[in-house]
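All remarks here apply to the structure that follows.
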């Protein structure tokens, strides 16, 4: 197991370099002068040539692109991801500051998605074509196509405007996290519910389930101890991917709820051509994706001991 | 920015005016004022502060009135003394400022020339700004007198120096670390991207201090969420209500307040483009476009009536009495058709005009500030131009950087822009956008001039506006320059003058809305008992 984990962590190094190079090239290919854009934001007007030149010098943008990348890479290898062009703060500090806040709503959203989708998906499979199955289908049909901003506004109208239970936006108390997490959870639960249903149906039709049932095993034991464990393997893969997606793609939710997370940070960075922040984000999220996948892989072994990590 | 050439008649001592407005505060006792009571939450847009060497926490873009500038820009764009009591121009290029006495920063540090020098040196270290402040520009004469000599002869410095970005800091202060100003409010708490709380400064030097005990500015990047926060009672006042949904404020039982015009929306025609973007070189096409636009339809259709027909692309108030010298082209589609006919643009296939086998196809680029800032305006313009036989292709750029890159290479005929005026210099925007570009200048900095500059007559008027000593002459010259680009050369088609819109609940009794958001004074805010 340890060898497996170490090997997967070692893979991070070439992945880091590869994705940072791609991020650097993409950012540099995009039109716009980061110095000029940073100044426009700071000054609220078009900067003068003298101001732009001074800023370019400060940012190290007068060097050639390969030199800029190598300078950045050299510092990144020592753990320094540079300073944000937009805020002037160390990139790593900004990412470390913002990541836990995104983790809170993404984690909450994931738990909510699991709590809604898995029981409802399993029940829909067990009671196929019954009222619960129809209900789950309606919930999935309504939930899947609803854009997150629409869900967010509906939640605000209900919980803030009508009921006065939750604050519209902000990040100072646990109440502020409820609606962002709900928005992410509702968005994630629809497709997860359908997947759980189809996987459970498929498992319930397997020969070993039929055999166990013929032997007189109690249906609840059959479902929980035998069927669900097998169903959980593809579901855990999707859960891992969805969680990673929530971490990096919660920008709309973060903007509406004024939630200072990592998604909003990087979208602002893209608009401002904040190369260090974009590259830092890519590295950071690449690492997060790989670690989540690693956790999912380890989880396979726990769900099904027949899966041995060393051979994966 | 070119160096001003002065004749001898202009090289004379200039005594600045404007002491009268705040003269009553001179010699005012520094005794503590009665502390106002009550607190309010205000919904504002996103936290745009920087934390690097250009740190501007507390003063730009959200001005929480912790800091103050040397001059104050009134809502009708006049300059009044603030931390500077008076000023005079000393030949050949120096401004001598007499500073207000008896003013302290919140921690008790006295305000004096050293603070002004520290602030101006900080601006110099970051490139000098539009004022052209250099490392050697700032010389302390005595505790309350300082001389500032910009790197070029800058007759407009006192109109520029009141911009909140030039707010005065006590010596050694880094606003990224702490906020200690001289303003009517003191900082209580700043939580990045969440809120900013300030309280009344009971020791404020000015006559008009805070009218409320505490203000919490809550950041809402999403305008709809800001509106819902007002509806939910999370805040009692919101600024920058989206003009498309302003009616929802009243529908929610709150009060809607419209301020004076401080921002604009306008369309510029590329007059130096190469094929296929060279049709703007034809004055008949430019004239036809300018008179084919029904501003009122744009205002009603895109902005739900929450704007005024634009006459220039700067707030008319800044031109003073000279505002009447420039007016927007009158909507007259029939004449637009005649102008095109006379120029040889005859109706062709599908109703689109043609000349020498070339169809009258124009392209409009939408993306400044952002494409979303312009709502359905491009589509309305497209329909109006179609009515006179011009085919308009709409291109939305994903961000400002892409827009500017496209402008830099001249790929487009019409350019749709929105902007605002935040200092008292009437020549600032026209000079920035339409002056002839410097030979060999920075490509991005000269992009506007390479597309829109009309030449000598405009440049002469702008130079006159930049160099004049009398503010009425400054305004008159700026109006003349605007008239050239709007009515003579038809490069600028003004669309709308934007006023700021706020919404508030019954908790708010008074609030004077400033035309320029970054110059807002929160002292006028008072609450119901």
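Throughout, read-outs are computed from the coordinates displayed, never taken from laboratory work. Worth saying up front: this structure is predicted, and the values here are computed from it rather than measured. Quick reminder, even Gly has a Cβ in these numbers, built from the backbone with ideal geometry, and neighbours come from all protein chains shown.
The distance from the alpha carbon centre of segment A:21-41 to that of segment B:160-213 is 33 Å, rounded to a whole number.
Give me D for chain B in µm² s⁻¹, whole number, from Stokes-Einstein with Rh from the Kirkwood sum over alpha-carbon pairs, 20 °C and 1.002 mPa s.
87 µm²/s
Placing a label point 7 Å from the Cα of residue B:352 along the Cα-to-Cβ direction, the residues of segment B:265-283 whose backbone N falls under 15 Å of that point are B:276-279. Which shape class applies to chain A: rounded if a/c is under 1.5, otherwise prolate when a/b exceeds b/c and oblate if not, where a ≥ b ≥ c are the square roots of the Cα gyration tensor eigenvalues? In terms of gyration-tensor shape, oblate. Sorted from longest to shortest, the spans of the Cα atoms of the protein assembly as shown along the three principal axes equal 110, 77, 59 Å. Calculated FRET efficiency, residue B:395 to residue A:157, Cβ-Cβ distance, R0 = 25 Å: about 0.10 to the nearest 0.05. Across 10 Å bins from 0, what is the distribution of all Cα-Cα pair distances for segment B:420-529, in whole percents? Reading upward from the zero bin: 13, 32, 27, 15, 11, 2, 0. According to the Kirkwood expression over distinct Cα-Cα pairs, how big is the hydrodynamic radius of segment B:193-310, in Å? Computed over Cα pairs of segment B:193-310, the Kirkwood hydrodynamic radius comes out at 18.5 Å. With Cα atoms as the point set, the radius of gyration and Dmax of segment B:303-434 evaluate to 17.0, 50 Å. Over chain B, DSSP H runs of length four or greater, each weighted -39,500 (n - 2.57), average out per residue to a 222 nm ellipticity of -6500 deg cm²/dmol. Measuring spread by the Cα atoms of segment A:160-312 yields a radius of gyration and Dmax of 20.6, 66 Å.
Against chain B, whose longest principal axis comes from its Cα atoms, helix B:471-483 is set at around 20 degrees.
Between the helical axis of B:456-467 and the longest alpha-carbon principal axis of chain B there is an angle of about 10 degrees.
The reciprocal of the average 1/r between distinct C-alpha atoms defines the Kirkwood hydrodynamic radius, which for segment B:358-483 equals 16.1 Å. Considering only alpha-carbon pairs that sit under 8 angstrom and 6 or more positions apart, the relative contact order computed for chain A is 27 percent.
Relative contact order of segment B:82-170: 30 percent, from C-alpha pairs under 8 Å at least 6 residues apart in sequence. Taking a temperature of 4 °C and a viscosity of 1.567 mPa s, what whole-number D in µm²/s does Stokes-Einstein yield for segment B:291-363 with Rh from Kirkwood over alpha carbon pairs? Estimated diffusion coefficient is 87 µm²/s. Here the sum of -39500 (n - 2.57) over DSSP H runs of 4 or more residues, divided by the residues of chain A, equals -24000 deg cm²/dmol at 222 nm, to the nearest 500. Counting Cβ atoms of other protein chains within 10 Å of each Cβ in B:120-129 and taking the mean gives 4. Computed from the Cβ-Cβ distance with R0 of 35 Å, the FRET efficiency linking residue B:529 to residue B:109 stands at 0.45.
Shielding value for B:52-63 is 3, the average number of Cβ atoms from other chains within 10 Å of each residue's Cβ. The calculated FRET efficiency for residue A:7 paired with residue A:70, based on their beta-carbon distance and R0 = 35 Å, is about 0.80.
Considering segment A:93-228 at the alpha-carbon level, its Rg and Dmax are found to be 18.8, 60 Å.
Between residue B:470 and residue A:220, the simple spin-label model (points 7 angstrom out along Cα→Cβ) gives 9.7 nm.
Once you reduce segment B:280-309 and segment B:220-245 to the center of their Cα atoms, the two points are 29 Å from each other.
Per-residue mean of foreign Cβ neighbours for A:264-274 is 2 (Cβ atoms of other chains, 10 Å radius).
For segment B:173-217, rounded, prolate or oblate, judged on the Cα gyration tensor with a ≥ b ≥ c (square roots of eigenvalues), a/c < 1.5 rounded, else prolate if a/b > b/c?
Values: a/c = 3.36, a/b = 1.40, b/c = 2.40.
Oblate is the answer for segment B:173-217, as a/c is 1.5 or above yet b/c matches or exceeds a/b.
Against chain B, whose longest principal axis comes from its Cα atoms, helix B:113-125 is set at around 40 degrees.
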